[in-house]
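J.: Following this message is one structure expressed as structure tokens.
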Amino acid sequence: MTPTTLLASLWNAASCDPRALDHVRLEGSEPQLPSRFHVGAIASATIAAQALAAAETWRMRTGRMQQVEVAMRQALAMFRSERFLTVDGKPPADPWSPLAGYYQAADARWIQLHTNFPHHRDGVLRVLQCADSREAVADAISHWRAEELDQRLADEGLCAALIRSPQEWQAHPQAVALASLPLFEILRIGDAPVEPIGRHCHDNAAPTRPLQGMRVLDLSRVIAAPVAGRTLAQHGADVLAIGAAHLPNIAPLVIDMGRGKRSACLDLRDAGERDVLNGLIRDADVFLQAYRPGALAARGFSPEALAALRPGLIQVTLSAYGHAGPWAGRRGFDSLVQSATGIAWAEGEAAGLDKPGKLPCQALDHATGYLAAFGAMVALQRRAVEGGSWLVRVSLAQTGHWLQSLGEVQGGLASPAGDFTPAEVAGWMHTMASPLGRVTAVAPVERMSETAPYFALPPVPLGTHLPIWA
């Protein structure tokens, strides 16, 4: 499965103009990093898809088409961007909880815990009734059946996953529900007038970037959806990240994913602050969120309500396990979805391990984030031609299903390219001064002949800005 073939399938699935594919070139082939799966191909294809969508947006605004190039090796570095981040020349503290990872239960089956947020860690310890140490957790889990513990933790709203084989997952009701869904959806959900791209450009100035003059609200944390917001920012959108002071976050990801964005805080439990968000939505173009399905609707921000509040809004929703099926409301992260869907089992088996393996990067997070950005830009183009309010839906599990459907990379675990060297990665980094220190991170990897992507703003501490449009 080549990246070019995958890109064409994404482009055609979105009903985009096939002539644009003549203007993109993808470099590199599998394997690049050790995996039985086509992680390099999906890295190249998803990054190229959003870059080509940005190029098409530029063509719509200026009449000029440009060339797009993506190198697989560099795309994979971006899929590991959080690993290469430094602040003032030093890597940030490891955010990974000592309790997180794989454990073997009484029935010899494996379960994965995700405890990087303090309330998730505390909840797991409460269920297990044990001390806060890896040894104590391992002992407690050794007295549970893995499937029973998995269900109990899910019932408590905590984050874990039973390690399933691909065959077990395919028979699971959630997998059955997802099998009927496409990789992504771009749906018209209401009527609205045609709106030009870049309607917020000052004094009708000629654009210099594809998404210049577009306003994006980014209500997300951790990796996948923040990647989408960061991607829209690198093409010139005004991205305002909305967080909440009472919600935990992971500092290195705030820095890496916060490049190009402003940051404000609102507490959606408060009616007055919900009103502030409503005001922002009325003048936004894109509303990006990664809450569990139904969570924002409970606060009055359902897709239907937002389309009525702001006709013409492009809504992008990203979830762990999809919007349909019994697990629609289940909490999850990239590594948990790998465990639940058979990816971790397959990687462990291929490597000859006596425990689960994992992908060589957070491929589900990054690929889903780029697909979300791609969908947002396609929807903006459709609004500019036919009007309407639009809903884009993606999920980690749907991306995982796509990755598994591509088959295996022959010899994928013995990658001749080897892991990244510091010297290799150094050529792909950029450095910018920020209130958090001197930040060095992976630069946008796509090469665009007229509108090279870049971050106009440095990352900032959460809540630095007021919740207003610039």
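Only the coordinates and a few stated rules stand behind these numbers; no lab work does. Note that the coordinates shown come from a computational prediction; the quantities given were computed from them, not determined experimentally. All Cβ positions, even for glycine, are placed from backbone atoms using ideal geometry, and neighbour counts span all protein chains on display.
J.: Hey, if you put +1 on the Cβ of every Lys and Arg and -1 on every Asp and Glu Cβ in the stretch 324-439, which of Leu364, Trp345, Leu406 ends up farthest toward the positive end of that dipole?
T.: Leu364
J.: Please compute, over every Cα-Cα pair in the stretch 1-91, the percentage with a separation greater than 20 angstrom.
T.: 41 percent
J.: Separate question: What is the packing order of peptides 283-290, 66-73, 266-273, taking the mean over residues of other C-beta atoms within 10 Å and listing the highest first?
T.: Packing order, densest peptide first, comes out as 283-290, 66-73, 266-273.
J.: If the reach is capped at under 16 angstrom between alpha carbons, list the aspartates and glutamates near Lys261, excluding any in the same chain fewer than eight residues apart.
T.: Asp218, Asp238, Asp285
J.: Assuming R0 = 45 Å, can you tell me the calculated FRET efficiency for the pair Gln167 and His143, based on Cβ-Cβ distance, to the nearest 0.05?
T.: Efficiency, from the Cβ-Cβ distance: 0.95.
J.: Which three semi-axes in whole Å describe the equivalent ellipsoid of the chain, each the square root of 5 times a Cα gyration tensor eigenvalue, listed largest first?
T.: Over the Cα atoms of the chain, the ellipsoid semi-axes are 34, 26, 22 Å.
J.: Over its Cα atoms, what ratio of radius of gyration to 2.2 N^0.38 Å does the stretch 75-151 give?
T.: 1.37
J.: Which of the listed residues, Ser389, His120, Tyr321, is farthest toward the dipole's positive end in the chain, when Lys, Arg count +1 and Asp, Glu count -1 at the beta-carbon?
T.: Ser389
J.: Any idea how far apart Gln410 and Gln104 come out in nm if each label point goes 7 Å out from Cα toward Cβ?
T.: Result: 3.5 nm between the two label points.
J.: Which helices pass in the chain if a helix is a full DSSP H run, must span at least 30 angstrom along its long axis by Cα, and must have mean Kyte-Doolittle hydropathy not below 0.0?
T.: Helix filter hits for the chain: 39-62, 363-386.
J.: If you don't mind, there's one more thing I want to ask. I want to check the label-to-label distance for Ala93 and Arg274. Put each point 7 Å from Cα in the C-beta direction and report it in nm to one decimal.
T.: 3.5 nm
J.: Evaluate the relative contact order of the stretch 13-150 (contact order divided by residue number), counting alpha-carbon pairs under 8 angstrom at least 6 apart; express in whole percent.
T.: In percent, rounded to a whole number, it is 18.
J.: Points 7 angstrom from Cα along the Cβ direction at Ala20 and His465: gap in nanometres?
T.: Simple spin-label model gives 2.6 nm for this pair.
J.: Sorted by packing (mean other beta-carbon atoms within 10 Å per residue), highest first, where do 100-106, 112-118, 76-82 land?
T.: 76-82, 112-118, 100-106
J.: With the contact rule set at Cα under 8 Å and sequence spacing of 6 or more, what percent relative contact order holds for the chain?
T.: Result for the chain is 26 percent.
J.: Work out how far the C-alpha atoms of the stretch 152-293 reach from end to end along every principal axis, then list the three figures in whole Å, largest first.
T.: Result, largest extent first: 58, 35, 30 Å.
J.: Only four residue types carry charge here, +1 at the Cβ of Lys and Arg and -1 at the Cβ of Asp and Glu. Report the dipole size of the stretch 1-116 about the Cα centre in Debye, rounded to the nearest 20.
T.: In total the dipole reaches around 140 debye.
J.: So how do 185-197, 42-54 stack up, highest first, on mean other-Cβ count within 10 Å?
T.: 42-54, 185-197
J.: If the cut-off is 20 Å between C-alpha atoms, which aspartates and glutamates fall inside it for Lys90, apart from same-chain ones fewer than 8 positions away?
T.: Glu82, Asp256, Glu424
J.: How much length would be gained if the chain were fully extended between Asp283 and Asp354, taking 0.36 nm per residue of separation minus their Cα-Cα distance, in nm to one decimal?
T.: Additional length available on full extension: 20.2 nm.
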